[in-house]
1. Can you spot a residue in the range 78-91 that is away from the ligand (no atom under 12 Å from the Cβ), polar (S, T, N, Q), more than 18 Å from the chain's Cα centre (by Cα) and assigned to a helix (DSSP H, G or I)?
2. I'm told ASN61 meets every condition in (1) within 13 Å of the ligand (Cβ to nearest atom); (2) closer than 21 Å to ALA281 by Cα except one. Can you identify the failing condition by its number?
3. Quick one: is LYS129 over 29 Å from LYS290 (Cβ atoms), open to solvent by less than 70 Å² (accessible area, probe 1.4 Å) and within 15 Å of the ligand (Cβ to nearest atom)?
4. Which number in (1) basic (Lys, Arg); (2) farther than 26 Å from GLU274 by Cβ; (3) at pLDDT 95 or above marks the one condition that ARG20 misses?
5. If we keep just the residues of the range 56-67 that are at pLDDT 95 or above and either assigned to a loop (DSSP other than H, G, I, E, B) or open to solvent by less than 20 Å² (accessible area, probe 1.4 Å) (or both), which is farthest from LEU178 (Cα to Cα)?
6. If you take the residues of the range 92-102 that are part of a loop (DSSP other than H, G, I, E, B) and not small (Gly, Ala, Ser), which of them is surrounded by the fewest Cβ atoms within 10 Å (Cβ to Cβ)?
7. Identify the residue in the range 103-117 that is part of a helix (DSSP H, G or I) and of a type in the set (A, V, I, L, M) and, among all such residues, is surrounded by the fewest Cβ atoms within 10 Å (Cβ to Cβ).
8. The conditions are (1) farther than 30 Å from ASN61 by Cβ; (2) in contact (Cβ under 8 Å) with a residue 24 or more places away in the chain, and ASP161 fails exactly one of them. Which is it?
Amino acid sequence: MSHRIETKVSITAQGTCLARTVSYYEKDSNYKSDDYVAPVMGPPFLGFLAKHDFSRKLLKNCFLKAPGNYEYLIARTKFIDAMFKNMGGNVEQIVVFGAGFDSRAIRFQKELKNATVFELDAPVTQQAKRERIRGANIQLPENLKFISIDFNKEAVSEKLDEAGFKQNKTCLFLLEGLTMYLNQTSIDQTFQLIDQYTGQDSLIIFDYVSASMVRQEQLQNDPQVIKHYQVLAKAGEKPGFAIDGHIQDFLAKYNLALMEELDSVKLAERYFGEEDLGLLAKKFRIITAKKSG
Ligand SMILES: C[S@@+](CC[C@H](N)C(=O)[O-])C[C@H]1O[C@@H](n2cnc3c(N)ncnc32)[C@H](O)[C@@H]1O
(Lines give C-alpha, C1' and ligand atoms only; values in the text may rest on other atoms or scores of the structure.)
Protein backbone atom coordinates (compact mmCIF):
# COMPACT_ATOMS: atom_id res chain seq x y z
CA MET A 1 0.00 0.00 0.00
CA SER A 2 1.36 3.42 -0.77
CA HIS A 3 2.16 5.52 2.24
CA ARG A 4 -0.72 7.84 1.39
CA ILE A 5 -3.57 5.33 1.54
CA GLU A 6 -2.35 4.18 4.94
CA THR A 7 -3.43 7.56 6.29
CA LYS A 8 -5.83 9.06 3.75
CA VAL A 9 -8.89 8.01 1.77
CA SER A 10 -7.83 6.48 -1.56
CA ILE A 11 -7.83 9.05 -4.36
CA THR A 12 -8.59 6.45 -7.00
CA ALA A 13 -11.55 5.10 -4.99
CA GLN A 14 -12.89 8.66 -4.69
CA GLY A 15 -12.27 9.33 -8.40
CA THR A 16 -14.21 6.20 -9.37
CA CYS A 17 -17.02 7.17 -7.02
CA LEU A 18 -17.13 10.66 -8.55
CA ALA A 19 -17.27 9.19 -12.06
CA ARG A 20 -20.24 7.03 -11.00
CA THR A 21 -21.91 10.03 -9.33
CA VAL A 22 -21.60 12.15 -12.47
CA SER A 23 -22.66 9.24 -14.64
CA TYR A 24 -25.75 8.62 -12.48
CA TYR A 25 -27.09 12.07 -13.41
CA GLU A 26 -26.23 11.90 -17.13
CA LYS A 27 -29.12 12.29 -19.61
CA ASP A 28 -27.45 10.42 -22.48
CA SER A 29 -28.26 6.72 -21.95
CA ASN A 30 -24.75 5.68 -23.07
CA TYR A 31 -23.25 7.74 -20.27
CA LYS A 32 -25.89 7.06 -17.63
CA SER A 33 -25.22 4.30 -15.12
CA ASP A 34 -27.28 3.28 -12.13
CA ASP A 35 -25.21 3.73 -8.99
CA TYR A 36 -27.69 5.71 -6.91
CA VAL A 37 -25.54 5.24 -3.78
CA ALA A 38 -22.43 6.87 -5.28
CA PRO A 39 -23.73 10.46 -4.88
CA VAL A 40 -24.01 10.09 -1.09
CA MET A 41 -20.55 8.58 -0.69
CA GLY A 42 -18.65 11.61 -1.95
CA PRO A 43 -18.55 15.16 -0.62
CA PRO A 44 -22.13 16.59 -0.76
CA PHE A 45 -21.12 19.58 -2.91
CA LEU A 46 -19.85 17.24 -5.66
CA GLY A 47 -23.15 15.35 -5.56
CA PHE A 48 -24.96 18.68 -5.86
CA LEU A 49 -22.80 19.85 -8.79
CA ALA A 50 -23.27 16.52 -10.59
CA LYS A 51 -27.05 17.01 -10.65
CA HIS A 52 -27.09 20.06 -12.89
CA ASP A 53 -26.13 20.04 -16.56
CA PHE A 54 -23.85 23.07 -16.43
CA SER A 55 -21.95 22.14 -13.26
CA ARG A 56 -21.78 18.47 -14.29
CA LYS A 57 -19.95 19.58 -17.42
CA LEU A 58 -17.58 21.59 -15.25
CA LEU A 59 -16.91 18.60 -13.02
CA LYS A 60 -16.12 16.48 -16.04
CA ASN A 61 -13.75 19.13 -17.37
CA CYS A 62 -11.96 19.41 -14.06
CA PHE A 63 -11.76 15.82 -12.85
CA LEU A 64 -12.69 13.41 -15.63
CA LYS A 65 -10.73 14.80 -18.51
CA ALA A 66 -8.20 12.05 -19.27
CA PRO A 67 -9.38 10.71 -22.65
CA GLY A 68 -11.37 7.51 -22.29
CA ASN A 69 -11.03 7.21 -18.53
CA TYR A 70 -14.60 8.27 -17.69
CA GLU A 71 -16.05 6.16 -20.50
CA TYR A 72 -14.04 3.13 -19.39
CA LEU A 73 -15.24 3.49 -15.78
CA ILE A 74 -18.86 3.72 -16.96
CA ALA A 75 -18.54 0.67 -19.21
CA ARG A 76 -16.80 -1.32 -16.46
CA THR A 77 -19.45 -0.37 -13.91
CA LYS A 78 -22.27 -1.37 -16.27
CA PHE A 79 -20.61 -4.66 -17.16
CA ILE A 80 -20.07 -5.69 -13.52
CA ASP A 81 -23.51 -4.42 -12.47
CA ALA A 82 -25.06 -6.69 -15.10
CA MET A 83 -23.07 -9.67 -13.74
CA PHE A 84 -24.43 -8.99 -10.25
CA LYS A 85 -27.95 -8.47 -11.52
CA ASN A 86 -27.91 -11.83 -13.28
CA MET A 87 -26.05 -13.70 -10.58
CA GLY A 88 -28.76 -16.23 -9.79
CA GLY A 89 -28.82 -17.94 -6.42
CA ASN A 90 -25.84 -20.27 -6.77
CA VAL A 91 -23.03 -17.98 -5.61
CA GLU A 92 -22.51 -18.46 -1.87
CA GLN A 93 -19.77 -15.93 -1.18
CA ILE A 94 -18.64 -12.77 -2.92
CA VAL A 95 -15.25 -11.29 -2.18
CA VAL A 96 -14.68 -7.72 -3.32
CA PHE A 97 -10.96 -6.95 -3.20
CA GLY A 98 -10.11 -3.23 -3.01
CA ALA A 99 -13.82 -2.43 -2.71
CA GLY A 100 -13.43 1.35 -2.35
CA PHE A 101 -16.89 2.90 -2.70
CA ASP A 102 -18.40 -0.08 -4.51
CA SER A 103 -22.09 -0.12 -3.55
CA ARG A 104 -23.22 -3.38 -5.10
CA ALA A 105 -23.80 -5.12 -1.76
CA ILE A 106 -26.42 -2.42 -1.13
CA ARG A 107 -27.82 -2.02 -4.63
CA PHE A 108 -28.14 -5.74 -5.36
CA GLN A 109 -29.34 -6.89 -1.94
CA LYS A 110 -32.21 -8.83 -3.43
CA GLU A 111 -30.00 -10.70 -5.90
CA LEU A 112 -27.34 -11.37 -3.23
CA LYS A 113 -29.64 -12.33 -0.38
CA ASN A 114 -28.31 -15.90 -0.21
CA ALA A 115 -24.65 -14.92 -0.36
CA THR A 116 -22.18 -13.48 2.14
CA VAL A 117 -20.32 -10.46 0.80
CA PHE A 118 -16.78 -9.71 2.04
CA GLU A 119 -15.41 -6.28 1.21
CA LEU A 120 -11.66 -5.83 1.62
CA ASP A 121 -9.93 -2.48 1.51
CA ALA A 122 -7.42 -0.22 3.20
CA PRO A 123 -8.67 0.72 6.71
CA VAL A 124 -8.98 4.51 6.23
CA THR A 125 -10.90 4.23 2.96
CA GLN A 126 -13.16 1.54 4.36
CA GLN A 127 -13.89 3.54 7.49
CA ALA A 128 -14.77 6.62 5.39
CA LYS A 129 -17.17 4.55 3.33
CA ARG A 130 -18.92 3.16 6.40
CA GLU A 131 -19.29 6.62 7.91
CA ARG A 132 -20.66 8.12 4.71
CA ILE A 133 -23.21 5.33 4.33
CA ARG A 134 -24.24 5.69 7.96
CA GLY A 135 -24.43 9.50 7.52
CA ALA A 136 -26.84 9.00 4.63
CA ASN A 137 -29.02 6.71 6.78
CA ILE A 138 -28.55 3.81 4.42
CA GLN A 139 -28.93 0.46 6.13
CA LEU A 140 -26.00 -1.87 5.54
CA PRO A 141 -27.13 -5.37 4.55
CA GLU A 142 -26.62 -8.01 7.24
CA ASN A 143 -24.74 -10.27 4.86
CA LEU A 144 -21.98 -7.67 4.29
CA LYS A 145 -18.70 -8.11 6.16
CA PHE A 146 -15.90 -5.55 6.11
CA ILE A 147 -12.26 -6.61 6.26
CA SER A 148 -9.49 -4.01 6.61
CA ILE A 149 -6.24 -5.01 4.98
CA ASP A 150 -3.06 -3.91 3.25
CA PHE A 151 -2.72 -6.45 0.42
CA ASN A 152 0.96 -5.66 0.07
CA LYS A 153 1.70 -6.43 3.72
CA GLU A 154 -0.96 -8.76 5.15
CA ALA A 155 -2.16 -12.24 4.27
CA VAL A 156 -5.63 -12.27 2.74
CA SER A 157 -6.08 -15.91 3.82
CA GLU A 158 -5.81 -15.08 7.53
CA LYS A 159 -8.19 -12.15 7.21
CA LEU A 160 -10.78 -14.19 5.31
CA ASP A 161 -10.52 -17.06 7.81
CA GLU A 162 -11.06 -14.65 10.72
CA ALA A 163 -14.10 -13.15 8.97
CA GLY A 164 -15.75 -16.56 8.56
CA PHE A 165 -15.07 -17.23 4.88
CA LYS A 166 -15.85 -20.86 4.05
CA GLN A 167 -13.49 -22.69 1.72
CA ASN A 168 -14.52 -24.72 -1.33
CA LYS A 169 -17.83 -22.93 -1.91
CA THR A 170 -18.96 -21.37 -5.15
CA CYS A 171 -17.71 -17.81 -5.03
CA LEU A 172 -17.39 -14.67 -7.05
CA PHE A 173 -14.17 -12.72 -6.66
CA LEU A 174 -14.11 -9.16 -7.88
CA LEU A 175 -10.95 -7.10 -8.34
CA GLU A 176 -12.25 -3.98 -10.06
CA GLY A 177 -9.61 -1.32 -10.67
CA LEU A 178 -7.18 -3.05 -8.32
CA THR A 179 -4.51 -5.25 -9.97
CA MET A 180 -2.63 -2.23 -11.36
CA TYR A 181 -2.03 -0.94 -7.81
CA LEU A 182 -0.63 -4.17 -6.34
CA ASN A 183 2.90 -5.56 -6.44
CA GLN A 184 3.83 -8.85 -8.12
CA THR A 185 3.97 -10.74 -4.79
CA SER A 186 0.50 -9.71 -3.68
CA ILE A 187 -0.90 -10.45 -7.15
CA ASP A 188 0.55 -13.95 -6.87
CA GLN A 189 -0.71 -14.47 -3.34
CA THR A 190 -4.18 -13.19 -4.17
CA PHE A 191 -4.63 -15.35 -7.26
CA GLN A 192 -3.16 -18.41 -5.51
CA LEU A 193 -5.61 -17.92 -2.67
CA ILE A 194 -8.50 -17.71 -5.13
CA ASP A 195 -7.33 -21.02 -6.60
CA GLN A 196 -6.88 -22.73 -3.23
CA TYR A 197 -9.94 -21.42 -1.40
CA THR A 198 -12.68 -21.94 -3.94
CA GLY A 199 -14.99 -24.58 -5.25
CA GLN A 200 -15.83 -25.50 -8.83
CA ASP A 201 -17.72 -22.95 -10.90
CA SER A 202 -16.30 -20.04 -8.93
CA LEU A 203 -15.86 -16.93 -11.00
CA ILE A 204 -13.38 -14.10 -10.97
CA ILE A 205 -13.82 -10.72 -12.58
CA PHE A 206 -10.87 -8.36 -12.75
CA ASP A 207 -9.41 -5.75 -14.98
CA TYR A 208 -5.78 -5.25 -15.78
CA VAL A 209 -3.43 -3.03 -17.70
CA SER A 210 -1.98 -4.54 -20.85
CA ALA A 211 1.81 -4.08 -20.82
CA SER A 212 1.98 -4.01 -24.61
CA MET A 213 -0.50 -1.13 -24.72
CA VAL A 214 1.47 0.81 -22.11
CA ARG A 215 4.48 0.65 -24.41
CA GLN A 216 2.59 2.26 -27.30
CA GLU A 217 4.11 5.57 -28.21
CA GLN A 218 0.74 7.30 -28.60
CA LEU A 219 -0.15 6.54 -24.99
CA GLN A 220 3.28 7.41 -23.66
CA ASN A 221 3.24 10.83 -25.31
CA ASP A 222 -0.32 12.07 -24.97
CA PRO A 223 -0.18 15.20 -22.77
CA GLN A 224 -3.52 14.51 -21.05
CA VAL A 225 -2.55 10.93 -20.28
CA ILE A 226 0.79 12.13 -18.88
CA LYS A 227 -1.03 14.69 -16.72
CA HIS A 228 -3.48 12.06 -15.46
CA TYR A 229 -0.61 9.87 -14.28
CA GLN A 230 1.18 12.82 -12.73
CA VAL A 231 -1.91 13.51 -10.61
CA LEU A 232 -2.07 9.86 -9.51
CA ALA A 233 1.67 9.77 -8.78
CA LYS A 234 1.41 12.92 -6.68
CA ALA A 235 -1.43 11.30 -4.75
CA GLY A 236 0.72 8.20 -4.16
CA GLU A 237 -1.47 5.92 -6.29
CA LYS A 238 0.36 5.58 -9.57
CA PRO A 239 -0.57 2.29 -11.22
CA GLY A 240 2.40 -0.01 -11.87
CA PHE A 241 1.44 -3.64 -12.38
CA ALA A 242 0.65 -4.75 -15.94
CA ILE A 243 0.29 -8.14 -17.59
CA ASP A 244 2.49 -9.01 -20.55
CA GLY A 245 1.76 -11.76 -23.07
CA HIS A 246 -1.36 -13.87 -23.37
CA ILE A 247 -3.89 -13.56 -20.57
CA GLN A 248 -4.56 -17.32 -20.84
CA ASP A 249 -0.98 -18.00 -19.71
CA PHE A 250 -1.42 -15.73 -16.70
CA LEU A 251 -4.73 -17.39 -15.77
CA ALA A 252 -3.42 -20.95 -16.25
CA LYS A 253 -0.85 -20.40 -13.45
CA TYR A 254 -3.77 -20.13 -11.04
CA ASN A 255 -6.01 -22.83 -12.57
CA LEU A 256 -8.35 -20.30 -14.09
CA ALA A 257 -9.90 -20.55 -17.54
CA LEU A 258 -10.77 -17.50 -19.59
CA MET A 259 -14.48 -16.97 -20.22
CA GLU A 260 -14.43 -13.49 -21.67
CA GLU A 261 -11.92 -10.76 -22.35
CA LEU A 262 -13.27 -7.29 -23.05
CA ASP A 263 -11.02 -4.63 -24.51
CA SER A 264 -11.93 -1.03 -25.20
CA VAL A 265 -13.17 -1.83 -28.70
CA LYS A 266 -15.65 -4.41 -27.42
CA LEU A 267 -16.71 -2.15 -24.55
CA ALA A 268 -17.23 0.74 -26.97
CA GLU A 269 -19.42 -1.42 -29.20
CA ARG A 270 -21.41 -2.80 -26.30
CA TYR A 271 -22.01 0.36 -24.30
CA PHE A 272 -21.37 3.33 -26.58
CA GLY A 273 -22.59 2.20 -30.00
CA GLU A 274 -19.76 2.50 -32.48
CA GLU A 275 -17.82 5.23 -30.70
CA ASP A 276 -14.20 4.92 -29.73
CA LEU A 277 -13.83 5.08 -25.95
CA GLY A 278 -10.68 7.22 -26.07
CA LEU A 279 -6.98 6.71 -25.71
CA LEU A 280 -6.61 5.84 -22.03
CA ALA A 281 -9.28 3.11 -22.19
CA LYS A 282 -7.13 1.20 -24.69
CA LYS A 283 -4.78 0.09 -21.91
CA PHE A 284 -7.40 -1.86 -20.01
CA ARG A 285 -8.95 -5.30 -20.36
CA ILE A 286 -11.77 -6.78 -18.28
CA ILE A 287 -11.51 -10.50 -17.65
CA THR A 288 -14.13 -13.01 -16.59
CA ALA A 289 -12.60 -16.36 -15.71
CA LYS A 290 -13.69 -19.58 -14.10
CA LYS A 291 -11.99 -22.00 -11.73
CA SER A 292 -10.80 -24.79 -13.97
CA GLY A 293 -9.06 -27.39 -11.86
C1 LIG B 1 -9.33 2.35 -8.23
S2 LIG B 1 -9.93 2.04 -6.61
C3 LIG B 1 -11.21 0.90 -7.03
C4 LIG B 1 -12.28 0.84 -5.98
C5 LIG B 1 -13.46 -0.06 -6.32
N6 LIG B 1 -13.08 -1.40 -6.66
C7 LIG B 1 -14.29 0.53 -7.41
O8 LIG B 1 -14.21 0.08 -8.55
O9 LIG B 1 -15.04 1.46 -7.09
C10 LIG B 1 -8.66 1.01 -5.90
C11 LIG B 1 -8.99 0.52 -4.51
O12 LIG B 1 -7.97 -0.40 -4.11
C13 LIG B 1 -7.60 -0.14 -2.77
N14 LIG B 1 -6.19 -0.55 -2.61
C15 LIG B 1 -5.15 -0.25 -3.41
N16 LIG B 1 -4.01 -0.81 -2.92
C17 LIG B 1 -4.37 -1.46 -1.79
C18 LIG B 1 -3.64 -2.22 -0.84
N19 LIG B 1 -2.34 -2.43 -0.96
N20 LIG B 1 -4.33 -2.74 0.21
C21 LIG B 1 -5.67 -2.54 0.35
N22 LIG B 1 -6.41 -1.84 -0.53
C23 LIG B 1 -5.77 -1.30 -1.58
C24 LIG B 1 -7.79 1.36 -2.58
O25 LIG B 1 -7.96 1.69 -1.23
C26 LIG B 1 -9.01 1.61 -3.45
O27 LIG B 1 -10.20 1.51 -2.71
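1. no
2. Going through (1) within 13 Å of the ligand (Cβ to nearest atom); (2) closer than 21 Å to ALA281 by Cα one by one, ASN61 breaks only (1).
3. Numbers: over 29 Å from LYS290 (Cβ atoms): yes; open to solvent by less than 70 Å² (accessible area, probe 1.4 Å): yes; within 15 Å of the ligand (Cβ to nearest atom): yes.
Yes.
4. With respect to (1) basic (Lys, Arg); (2) farther than 26 Å from GLU274 by Cβ; (3) at pLDDT 95 or above, ARG20 is out only on (2).
5. ARG56
6. Our first condition is that a residue be part of a loop (DSSP other than H, G, I, E, B); within the range 92-102, this holds for 92, 98-102.
Filter again for not small (Gly, Ala, Ser), leaving 92, 101-102.
Values: GLU92: 16, PHE101: 27, ASP102: 27.
Restricting to residues being part of a loop (DSSP other than H, G, I, E, B) and not small (Gly, Ala, Ser), the top hit is GLU92.
7. Narrowing the range 103-117 to residues part of a helix (DSSP H, G or I): 104-107.
When the remaining residues are screened for being of a type in the set (A, V, I, L, M), the result is 105-106.
On the way: ALA105: 24, ILE106: 18.
The extreme case among them is ILE106.
8. The failed condition is (2).
The values are calculated or read from the model by the stated rules, or taken from the named source; none is laboratory data. A quick note: this is a predicted structure, and the numbers were derived from the prediction, not measured. Glycine gets a Cβ as well: all are built from the backbone with ideal geometry, and neighbour counts include every protein chain shown. SASA here: full protein model, heavy atoms, side chains in, ligands and nucleic acids out. Shrake-Rupley method; radii C 1.70, N 1.55, O 1.52, S 1.80 Å.
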